Amino acid sequence: MTHPTLSIVAPVYNEEEILPEFYTRVSEVMTKLDITWELILVNDGSRDRSMEIMFSIAAEDDHVRVVNFARNFGHQVAVTAGIDHAEGDAVILIDADLQDPPEVIGDMLQKWREGYDVVYAVREQREGESWFKLTTAKLFYRMLYRITDVDIPVDTGDFRLMDAKVAQVLRDMREHNRFIRGMTSWVGFRQTGVKYVRHARKAGETKYPLRKMLRFALDAVTGFSYFPLQVMVYLAGFLGILAIVVAIVISILRLTQGPDFFGGQATTIILLLLLSSFQLFFLFIIGQYVARIYDETRDRPLYVVASRRGFPEQNGSAAPTRHGRTHKPEVEQVAD
Ligand code: UDP
Ligand code: MG
């Protein structure tokens, strides 16, 4: 197998219905583009037949490699493992559910050849998503853009091409709560976008329920902004000034209207509840940062590999992680 120009990385979690078609579409596009390539499928602890399907594809086509996780580690970590294993001069991140059309890879390649180091795909239109997802995503990306110092382009997902040198920087960024689209923007170099229409999922359902989406959003915000921590000082200032004003107004009213003016427990109770709610909310925010600090200090490996298939240097035994790590290597379980 010659050195691949392009490494295509796809995370896979319970995609048995789509995998064969995904593979066919990718290999068709690659054959047309006429370059050397590898497809790295990361099995993120699928519970359906995805693993068997991937193994059999890898057995038949030596472009295909499989990294098989010991359990589900999440989409962003699966993508990370794919990047860790990629050998290409450029790496493409793409979802396995065919929402990101492989045909766009041609456009990305062209921009890369023009000299860009990151080519991200911008969703011009999104098909088959709920109103709720569209609206929250739109608001979220615009909010994120305002509160972060890194310019994370709006309406982009992880579907992107990155030059090998960008991939190498990402390999050294071992943070545990990962927001890869932000991390690639953070790296810098020459970046540009290509527009595309994001299709509906081919089959199966989204693996991002609301709970995971919220967590992902928190990773994005905490990973790239201190704004939620800083905003507390404004609220503190506002409430402090309000307290002084209210104290003065009530004093004057009591001096002029009599000592019983503005009495009553109800107001006190309401204010107490309101302020407790503010305080708990901000404790939650602080907790989010603290929990992430804890994740970093424990410094566990990002993922555990159970087995690998289709890697060139594999002679019956497990191949080592192909790229040297400046930090701790990912944990390796014995290959089957
Ligand atoms: N995925 C994964 N691990 C997970 C969840 C998702 O590897 O825990 C993969 C999934 O198979 C797909 C991609 O990540 O290839 C994007 O997931 P999905 O399509 O469910 O997200 P959505 O497009 O709905 O945001
Ligand atoms: Mg999807």
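Quick note: the coordinates plus some simple rules give every number you see, no bench work behind them. All values reported here derive from a predicted model rather than from experimental measurement. Ideal geometry is used to build each Cβ from the backbone, glycine not excepted, and the neighbour counts take in all protein chains shown.
Taking 29 Å as the cut-off for C-alpha to C-alpha distance, list the pairs among K111/K212; K138/K202; K111/K207 that go past it.
Too far apart for the 29 Å limit: K111/K212; K111/K207.
May I ask you to derive the FRET efficiency for T24 and R300 from their Cβ-Cβ distance with R0 = 56 Å, giving the value to the nearest 0.05?
0.90
Pick out which of P153, P11, P209 has the largest mean-square fluctuation in a Gaussian network model of the chain, springs linking Cα atoms closer than 10 Å.
Largest GNM mean-square fluctuation: P209.
Just in the stretch 123-191: which GluC sites (Glu not before Pro) are loop by DSSP and have at most 11 other Cβ atoms within 10 Å?
Hits after loop and neighbour filter: E127.
Calculate, for I248 and L33, the FRET efficiency according to 1/(1 + (r/R0)^6) with r their C-beta to C-beta distance and R0 56 Å; round to the nearest 0.05.
0.15
Show the residues, 5+ positions off or on another chain, whose built amide H is closer than 5 Å to the amide H of V9.
Excluding prolines and chain starts, which carry no amide H, the hits are I40, I92, L93, I94.
How large is the charge dipole for the stretch 18-64, taken about the Cα centre, if only the Cβ atoms of Lys, Arg (+1) and Asp, Glu (-1) carry charge, to the nearest 20 debye?
160
Could you work out how far apart the two model spin labels at F261 and A70 are, taking each label as a point 7 Å from the Cα in the direction of the beta carbon, and quote it in nm?
My value for the distance between the label points is 7.1 nm.
With a length cut of 30 Å (Cα positions projected on each helix's long axis) and a Kyte-Doolittle mean of at least -0.5, go through the chain and give me the DSSP H helices that pass.
Helices meeting the span and hydropathy rule in the chain are 227-257, 265-298.
Dipole of the stretch 16-150, Cα-centred, from +1 at each Lys and Arg C-beta and -1 at each Asp and Glu C-beta, to the nearest 20 debye?
740
Could you give the dipole magnitude of the chain about its Cα centre, charging the beta-carbon of Lys and Arg +1 and that of Asp and Glu -1, in debye to the nearest 20?
Rounded to the nearest 20 debye, it is 1220 debye.
In whole angstrom, how far apart do the alpha carbon centroids of the stretch 1-30 and the stretch 43-85 sit?
Centre-to-centre distance over Cα atoms comes out at 10 Å.
Please name which of Y226, T192, M173 has its Cα lying farthest along the dipole of the stretch 165-243 towards the positive end, using unit charges on Cβ (Lys, Arg +1; Asp, Glu -1) and the Cα centre as origin.
Final value for the positive-end residue is T192.
When the helix-only estimate is applied to the chain (DSSP H runs of n ≥ 4, each -39,500 (n - 2.57), divided by the residue count), what is the mean residue ellipticity at 222 nm, nearest 500 deg cm²/dmol?
Per the formula, -16000 deg cm²/dmol.
Let me check I have the definition right: for the stretch 1-91, take the eigenvalues of the Cα gyration tensor, multiply each by 5, take square roots. What are those semi-axes in whole Å, largest first?
So the three semi-axes of the stretch 1-91 are 21, 15, 10 Å.
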